[in-house]
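Inspection log for the structure reproduced underneath, given as structure tokens.
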Amino acid sequence: MARTADFLVIGGGVAGLSAGAALAPHGKTLVLEAEAHTGFHTSGRSATMFHYALGDALIRALTLASRSTFDDPPEGFTDSPLGMPLPILLHARAEEVALLEAEERALSPFATLEPLDEQGLREICPILRVGEGGAVRGLIDQDTLRIDQHALMQGFTRMLRRANGEVVTEARVVTIKRANGVWTLTSAAGDAFEAPVLVNAAGPWADHVATMAGVRAIGLQPKRRTIITFDAPPEIDTSAMPFTKTVVDELYFAGESGRLFASPMDEVPSDPCDAQPDEYETALAAHRVAERTIVDVRRIHSKWAGLRSFTPDRHPAVGFAPDCDGFFWFAGQGGAGLQTSPALARIVAALVTGGEWPVPAVAASALDPARFRAG
């Protein structure tokens, strides 16, 4: 016999859990996760930063609208801080200064930025290559956070369960059918679930879920990103270093449990999968560290990869499918899923239930999946 609910959510990453937490007060909600635990894929393989040097004005507006949750979480959401202060440093070589100035103009409505000269760069990030061939200008935002991904995910899970919602793990959906206004999903284990509203928060698999449901795909593209960890020079206190990023999307690095982590900011198209680091991107990360810093990566301590999924215009798709009643898209957060999740979850609840629009700075049309219909 099928388990019934008002809302079925496919996907136990930050999208699915946040949507489930926001919907649960409005009706019985079940979040279906294919793996044995939540956050197995993209959400658990993030650099976990809260900052504004990511995406465009829409992503920044969603990030700004989410900040209050990190600063003052809802009662009962968490027993520990959702984020700890960690400044972000943007830096530029001489030929990149114009790009840095453009970034400053783009970020100024969202962040308070402090300009840095070469001396300031050396003081704030002693491993950065500065001067001839290296960085000559920088911007630092002191009001950014390193997100506690576990605390955030557990917070959404708590709010879901508090409203009598449930996470069902090892529930890989294999069939999706709709009849008489009700979705019926069956899992690989043979379990059945029913609800009038289906929320597709399946991350890299979201287009695949839509195809199973007979809904037109939106052209979602998963892209692999690689991260390595390695030893810092023994005299460097990595805990005092900012999250440091090139003004072009080439490299970021920061401290990681006494070591350093770095990413070449790769975006390699991929099929939906359990992403694994590629040797080329691993070597590229080490090479770019050597180019942009004074550190020689002699040994890579660990490496991993995750998928960041993008719609064709790199804006999230949030809204009911234009070609099928009761099918709701929540996909394409790119690399901003953690930091925008509070605002996007409120938007999901408003659109599903007909509630008041919660983020005035963002137009619903900018998120509506119907924008991809013509393409």
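The values are calculated or read from the model by the stated rules, or taken from the named source; none is laboratory data. On a predicted model such as this, the values are computed, not experimentally measured, just so you know. Neighbour counts run over all protein chains shown; Cβ positions are idealised from the backbone, glycine included. Surface areas here come from the heavy atoms of the whole protein model, side chains and all, with no ligands, DNA or RNA. Shrake-Rupley method; radii C 1.70, N 1.55, O 1.52, S 1.80 Å.
A few notes on this one:
- All conditions but one from (1) more than 17 Å from Thr144 (Cβ to Cβ); (2) open to solvent by 30 Å² or more (accessible area, probe 1.4 Å) apply to Leu260; the one that does not is (2).
- The requirement of being modelled with pLDDT of 95 or more, closer than 20 Å to Met241 by Cβ, under 24 Å from the mean Cα position of the chain (by Cα) and open to solvent by 50 Å² or more (accessible area, probe 1.4 Å) is fulfilled nowhere in region 66-80; no residue meets it.
- Exactly one residue out of Val174, Val199, Val167 is touching a residue at least 60 places away in the same chain (Cβ under 8 Å), open to solvent by 20 Å² or more (accessible area, probe 1.4 Å) and of a type outside the set (Phe, Trp, Tyr): that is Val167.
- Residue list for region 73-107, filter: in a loop (DSSP other than H, G, I, E, B) and under 26 Å from Asp148 (Cα atoms): Pro73, Pro74, Glu75, Gly76, Phe77, Thr78, Asp79, Ser80, Pro81, Leu82, Leu86, Pro87
- The sole residue among Ala92, Ala24 that is crowded, with 19+ Cβ neighbours inside 10 Å, at pLDDT 95 or above and within 30 Å of Gly181 (Cα to Cα) is Ala24.
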